[in-house]
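The values are calculated or read from the model by the stated rules, or taken from the named source; none is laboratory data. Predicted model only: the values in this text are computed from it and were never measured. Cβ coordinates were reconstructed from backbone atoms using ideal geometry, including for glycine residues, and neighbour counts include every protein chain displayed. To get the accessible areas, we keep the full protein, side chains included, count just its heavy atoms, and leave off ligands, DNA and RNA. Shrake-Rupley method; radii C 1.70, N 1.55, O 1.52, S 1.80 Å.
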Amino acid sequence: MTLAETIIRKCERSSRDWKKGESGNRTYYIQQEDYDAIGRKALFEEVETLKREGILTEVRWYQTGIELEWVRYSLSALPKLYERAGIEPKGKRLEEARAFFQQVFRGIHSPWLLKYGQELFARIEEGKMPKEMGQEEWFDLLRRVDQLREPTYKRIFSNGCFRDSKRFERQYQKRLVQLARKYWDVIEDEMSDTEVLSELNLESYSQELCFKGNLRLILNGTELDMGCFRQGAVLNSETLKTIGICGKQSIKKVITVENKANYMAMPYEQGSLILFCHGYFTPLERKFLIRLRQILPEDTQYLHTGDLDYGGIRIFGWIRKQVFPEVRPFRMDRETFLRFQSYGEPMDDGKLEKLRQVKEPLLEELKEMILTTGLAIEQECFCLEKNGSMC
């Protein structure tokens, strides 16, 4: 460490002192750590050298040649200090960072990734060097994520990126999930990491849509009446990509169900389609259901039933925004809450505070019941009557 480097660090912490063309004098007060880092003799020798070179304009001693109080330097001499210290000027480093990130984000289209890029550029404009500078492998991964148009198993993706099927999980998965949570508004707080990755088209396993009801589909030119499967059926990822939907349906009501036990317990009902949403529908499921909604009559009824808690309210709002705008709550009201209140579990203060911030006009009554009692009720208890039988 040298005094020149110490002064440069001080200037670079300023919002302006490091900028080209800045002038005026600044004072640096010598601390004990300067003696420790530089050495007393080396410090005094460097002070004399910098003074001869005109970089230091004034020096104040407590005791001449024994104890320094401060040194004063001119900002116009900062280029000389950079040269002496062998450090590239901050302005030049920031220009290099700007050029690096311009190259990185050229060709990226995902709005959430572009938001990330805007923040990086904003940091540069503030004179802050993004820690991501030079992380070419990280940005190559983001470019590949941006280009994903179909669900891909994350280990195949990892192999394509690194020729190592597990490296993505070990090194980058957590970081990518955190990035998506921060910048993509389709991601909900309550989504699991697996659900977040699914939104990015990165899968741990095949996406599957579970349903029961009078859905008519077309597969390889053959019309299928899925109502024959009274206990329910499943469409996997590959089927969801290629399956057709008949233009004429007898569905009058669509019910989305948050939890598997409740989905399984709900009986087949003529004219109804019951969907297991497992929290948040995956992108492939969402595309399929949006196609279905476009076919169904305008007077089709859409209902959702889920947990009577913060997560359940968020899931309802997400389905309303992302899949079925017409959806209405089913068994998510004051009457249902009171009926199953004995099954309630205390919610932690953090979740209650988050719930207070949620704006979901169709569930305000339920929200107030939860906030008043501090209880959360999981939907699975609906499957139990007082005698323990299925509802």
Shape category assigned to the chain from the gyration tensor of Cα positions, a/c cut at 1.5: prolate
For the range 139-287, shape from the Cα gyration tensor axes a ≥ b ≥ c, cut at a/c of 1.5 then a/b versus b/c, turns out prolate
Share of carbon and sulfur in the accessible heavy-atom surface of the chain [1.4 Å probe, %]: 47 percent
Computed over the range 233-370, protein heavy atoms only, probe 1.4 angstrom, the accessible area per residue in square angstrom equals 46 Å²
Nothing charged except the Cβ atoms of Lys and Arg (+1) and of Asp and Glu (-1): what's the magnitude of the dipole of the chain about its Cα centre? Round to the nearest 20 debye. 940 debye
Whole number please: convex hull volume per residue, Cα atoms of the range 52-200, in Å³. 185 Å³
In the range 1-109, which trypsin sites (Lys or Arg not before Pro) are in a loop and have at most 16 other Cβ atoms within 10 Å, using DSSP for the loop call? 16, 19, 20, 106
So for the chain: antiparallel DSSP bridges make up what percent, rounded to the nearest 5? 65 percent
Considering the dipole of the range 67-158 built from charges on the beta carbon (Lys and Arg +1, Asp and Glu -1) around the Cα centre, which of 127, 75, 117 is farthest to its positive end? 117
Please compute the length gained on full extension between residue 163 and residue 321, using 0.36 nm multiplied by the number of residues separating them and subtracting their Cα-Cα distance. 53.0 nm
Per residue, what volume in Å³ does the convex hull of the Cα atoms of the range 222-360 enclose? 130 Å³
The chain: longest segment with zero exposed GluC sites (Glu not before Pro), where exposed means DSSP loop plus at most 12 other C-beta atoms within 10 Å, is residues 127-297
On the formula 1/(1 + (r/R0)^6), with r taken between the Cβ atoms of residue 360 and residue 287 and R0 of 22 Å, the FRET efficiency rounded to 0.05 is 0.35
Sort all Cα-Cα distances of the range 236-291 into consecutive 5 angstrom bins from zero, then give the percent of pairs in each bin up to the one containing the longest distance. 4, 16, 24, 24, 24, 8, 0
Could you give me the radius of gyration and the Dmax of the range 265-321, taking only the C-alpha atoms into account and expressing both in angstrom? 12.3, 32
